[in-house]
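Structure, as structure tokens:
The values are calculated or read from the model by the stated rules, or taken from the named source; none is laboratory data. The structure presented is a predicted model; accordingly, all values stated were derived computationally and were not measured. Glycine also receives a Cβ, built like all others from the backbone with ideal geometry; neighbour counts cover every protein chain displayed. Quick note on the areas: whole protein, heavy atoms, side chains included, nothing else; ligands and nucleic acids left out. Shrake-Rupley method; radii C 1.70, N 1.55, O 1.52, S 1.80 Å.
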Amino acid sequence: MASRVDHTALFAATPSPYLVLGPDLVIVDVNRAYLAATGRTREDLLGRHIFTAFPDNPADPDADGVRNLGGSLRRVLATGRPDTMALQKYDIPVMGRPGVFEERWWSPVNTPVLGPAGQVTYIIHRVEDVTAFVKEYRVTHPDSVQPGERPQETQALEAELYARARELQRLNEELRQAHTREREVAFILQEAMLHVPDLAHHRDIAVRYLPATGSLNVCGDWYDVADIPPDRFAVAVGDVIGHGLEAAAVMGMLRSALSAAIRALERPAQALEVLGLYARCVEGALGTTAVKAVVDMRSRLITYSSAGHLPPMLIHPDGSCELLDQATDPPLGVRPYHVPRPQASLAYKPGDTLVLYTDGLIERRDQDIDVGLNQLAHVLGEFNHLGTEQLADTVLARLGVASGGLDDVALIVVRL
């Protein structure tokens, strides 16, 4: 079932200033951007007639904001169609200083909301504050401002504003196209870096890779699956410090090195020892965490070693959980000299589920990491009956990172 959209929250967060009027032109709602633009609070505006809240400036004999806005609103009520106003000078009262008005220029649009019978039930009054632009224009075009020629000034401002808007639109389109190309390149890079040929041999292994929200499609987290003939395979996840292309480049080198090492050495601890030595000569690799586990399908044994990484979880069919935390050592390259890394083994039974993950899945700035570990264990135990693909998606959704989070996420779910 599709989730319901919270339109109230969307309206409140909309960056453009919005005011909602009833057919009697009484203010019924306002968003945060409008309050910020006018210096008002909701209590100042809700339930008040718009022209009571915003009267003409009595000190300006040429003030026509009430007349022009009123005409536009009446047209909307009469026709049921949107009305876009010309550039409008409409001064607003300064809060806390009775009788004092501040010069403001606006670009308004009034849009009707129609009821079932086609009647106007609300009017959405959207404005953009262009005061700063108008004042800049006056400074840069002093000859265009002549006494008694305000219409010409307004027309010139509108023409300049339109030209600026078209130029901004063009630049934004170029930026969007460049961003699209950049993301396409990043996606191709991600596919190349995380290509796992051996994954096709394992129908009961699901992997997920989610860069941090707002970042490119590449990051410093990784996963890997490697077959070790005749009857073993290795899984790993790792996390390079940092984000973006630089972290991704380091990730690619470390991931490849670890994948090669486990194929040659077959023991997780030895593979991480080799990776630690290699990390010392790779700029940006120090402090990387990683965990490697080898599954022996004949003896039904999981052998693992961790370089400062969060412990994998083994979930049993009854929902109980075991942490693989008996072979943990510092992250790569933090020791000044080489020390053999620890290794531990744990027996498993058919139907158990092995889960490896990076910290972006469970770490939150406002809670202890143990809370995240317990949440993950609870979700895995509750939904362990699902297939690996469904279980991976459920974990991401229940932990609130299905669409990405503040940090990168890599996840492997293995049904043993």
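Structural remarks
- Global geometry of segment 210-321, whether rounded, prolate or oblate, following the gyration tensor of its Cα atoms and the 1.5 cut on a/c: oblate
- Most mobile listed residue (LEU380, LEU21, LEU258) in the chain, GNM with C-alpha springs under 10 Å: LEU21
- Using the Cβ-Cβ distance between GLU283 and VAL339 with R0 set to 25 Å, the FRET efficiency from 1/(1 + (r/R0)^6) comes to roughly 0.65.
- Rolling a 1.4 Å probe across all protein chains gives TYR209 an accessible area of roughly 30 Å².
- ASN374 versus HIS195: modelled label distance in nm, points set 7 Å from Cα along the beta carbon direction: 4.5
- Axial C-alpha extent at least 18 Å, average Kyte-Doolittle at least 0.5 - helices from the chain (DSSP): 244-265, 369-382
- Å² of accessible area per residue within the chain, as computed with a 1.4 Å probe and no ligands counted: 51
- Across the chain, the relative contact order, built from alpha-carbon pairs under 8 Å that are at least six residues apart, equals 11 percent.
- Note on LYS349: aspartates and glutamates with a C-alpha under 13 Å away, same-chain residues under 8 apart excluded, are ASP296, ASP318, GLU322.
- Using R0 = 41 Å, the C-beta based FRET efficiency linking ILE241 and GLU128 works out to 0.45.
- Longest to shortest principal axis, alpha-carbon extents of segment 1-100, angstrom: 59, 36, 24
- Over 18 Å [Cα-Cα, segment 312-416], rounded percent: 52
- Once you reduce segment 293-335 and segment 38-53 to the center of their Cα atoms, the two points are 61 Å from each other.
- Cross-link partners of LYS135 among lysines (Cα-Cα below 17 Å; sequence separation of 8 or more within a chain): LYS89
- Calculated P(r) of the chain - Cα pairs past 32 Å, %: 55
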